[in-house]
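Here is the structure we will look at, set down as structure tokens.
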Amino acid sequence: MDAFREALGCMAAGRVLDVATGEGEFVETLVGSLGSYAWIVGIDVLAPSRHPGSVFRAERVHFLQVDGGRLGFADASLDTVSISSTLHHLEDVPRCLGEMVRVLRPGGRLIVRETHRGVRGAAQRLDMEIHHWVAEVDSALGYTHNPTFTRREILDLVAGLGLVDARFYDVPNTDRDAMDPAAIRSSEGVIDRYLRHAARLPEHGALRQRGEELRQRLQRTGIQWEPELIVLGRKRRASQGQGGEKRP
Ligand SMILES: C[S@@+](CC[C@H](N)C(=O)[O-])C[C@H]1O[C@@H](n2cnc3c(N)ncnc32)[C@H](O)[C@@H]1O
């Protein structure tokens, strides 16, 4: 993440849109790391009352309730557009990415950050399994939440956008102590919240049982967050022809 934050520090980001902003975690990264910006708008399909992130009370940082599949901004009207930890939450990934590229000006920067399945070791595997279990509970409750993509699938999705000057940042997330009590507590909190959700689904007893098993494994293996891939590229200018980005 350090190299990516450094790249953000060199950016004059202008008019910024963060798609599927949730509680604004990635907006906090942008506010804290960008060299400069004119303003940042975070959009989410859910109402702000569900996402009262304090970052949206900062100056020049705003929230709008908008569907990522119909962004409603004019073509080429933004300088930087980002999406973080969300591709696997979308019903129609190509449509949302297509909208993001549409509203971006030629030469503007696109940022795609996504966790993927390239886990190493038992502690990271457990985080992926918890995430996929959470996705199953969400799906049973009627929310779109798919299993995470492979790193290759993310690259294939981004390749279709024809970015230029693309840089790829791999964030392995394996450096933190797997037995860190704060991380274990945080994951227990997630499992307990989702066990309560699963209790509303009496027909899904097996889901609840799996949640209990995952909770017990936490104490044995500890936890490390899933790896992430971040892609930072530019929308091609008409003068730059058809060559897409080089893939790692
Ligand atoms: C895991 S959260 C990501 C939050 C944040 N971007 C981050 O980096 O932590 C996924 C978010 O995607 C939102 N979402 C799902 N489908 C969406 C859509 N079609 N348009 C806008 N937001 C959407 C959800 O409401 C949720 O807040």
- Query: Among (1) part of a helix (DSSP H, G or I); (2) at pLDDT below 95; (3) not aromatic (Phe, Trp, Tyr), where does residue 46 come up short?
  - Reply: (1)
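Run down 70, 95 and say which single residue is near the ligand (Cβ under 10 Å from one of its atoms), touching a residue at least 24 places away in the same chain (Cβ under 8 Å), under 30 Å from residue 150 (Cα atoms) and more than 18 Å from the chain's Cα centre (by Cα).
Among 70, 95, only 70 is near the ligand (Cβ under 10 Å from one of its atoms), touching a residue at least 24 places away in the same chain (Cβ under 8 Å), under 30 Å from residue 150 (Cα atoms) and more than 18 Å from the chain's Cα centre (by Cα).
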- Test for residue 170: is it on the phi > 0 side of the Ramachandran plot and part of a strand (DSSP E or B): no
- Among the residues of region 106-117, is there at least one that is over 30 Å from residue 216 (Cα atoms), assigned to a helix (DSSP H, G or I) and of a type outside the set (Gly, Ala, Ser)? no
- Task: Answer with yes or no whether residue 60 is surrounded by 14 or more Cβ atoms within 10 Å (Cβ to Cβ), at pLDDT 95 or above, farther than 27 Å from residue 148 by Cα and basic (Lys, Arg).
- Result: no
- Note on the structure: Only one of 178, 123 is in contact (Cβ under 8 Å) with a residue 12 or more places away in the chain, over 17 Å from the mean Cα position of the chain (by Cα) and assigned to a helix (DSSP H, G or I), namely 123
- Of the residues that make up region 3-12, is at least one within 16 Å of the ligand (Cβ to nearest atom) and either within 18 Å of residue 100 (Cα to Cα) or among the aromatic types (Phe, Trp, Tyr) (or both)? yes
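One line per residue, one yes/no per condition, for (1) touching a Cys at 6+ places or on another chain (Cβ under 8 Å); (2) among the aliphatic types (A, V, I, L, M); (3) crowded, with 17+ Cβ neighbours inside 10 Å:
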{"position": "163", "(1), (2), (3)": "no, yes, yes"}
{"position": "171", "(1), (2), (3)": "no, yes, yes"}
{"position": "176", "(1), (2), (3)": "no, no, no"}
{"position": "207", "(1), (2), (3)": "no, yes, yes"}
{"position": "212", "(1), (2), (3)": "no, no, no"}
{"position": "228", "(1), (2), (3)": "no, no, yes"}
{"position": "232", "(1), (2), (3)": "no, yes, yes"}
{"position": "237", "(1), (2), (3)": "no, no, no"}
- Query: If you scan region 18-53, which residues turn out to be more than 10 Å from the ligand (Cβ to nearest atom) and in contact with a Gly (Cβ under 8 Å, 6 or more places away or on another chain)?
  - Reply: 33, 34, 35, 37, 38
- Query: Quick one: residue 203 ticks every box in (1) in a loop (DSSP other than H, G, I, E, B); (2) touching a residue at least 12 places away in the same chain (Cβ under 8 Å); (3) more than 21 Å from the chain's Cα centre (by Cα) bar one, so which box is it?
  - Reply: (2)
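The values are calculated or read from the model by the stated rules, or taken from the named source; none is laboratory data. Computed from a predicted model, the values in this text were never measured in an experiment. Reconstructed Cβ throughout: ideal geometry from the backbone, glycine too, with neighbour counts over all protein chains shown.
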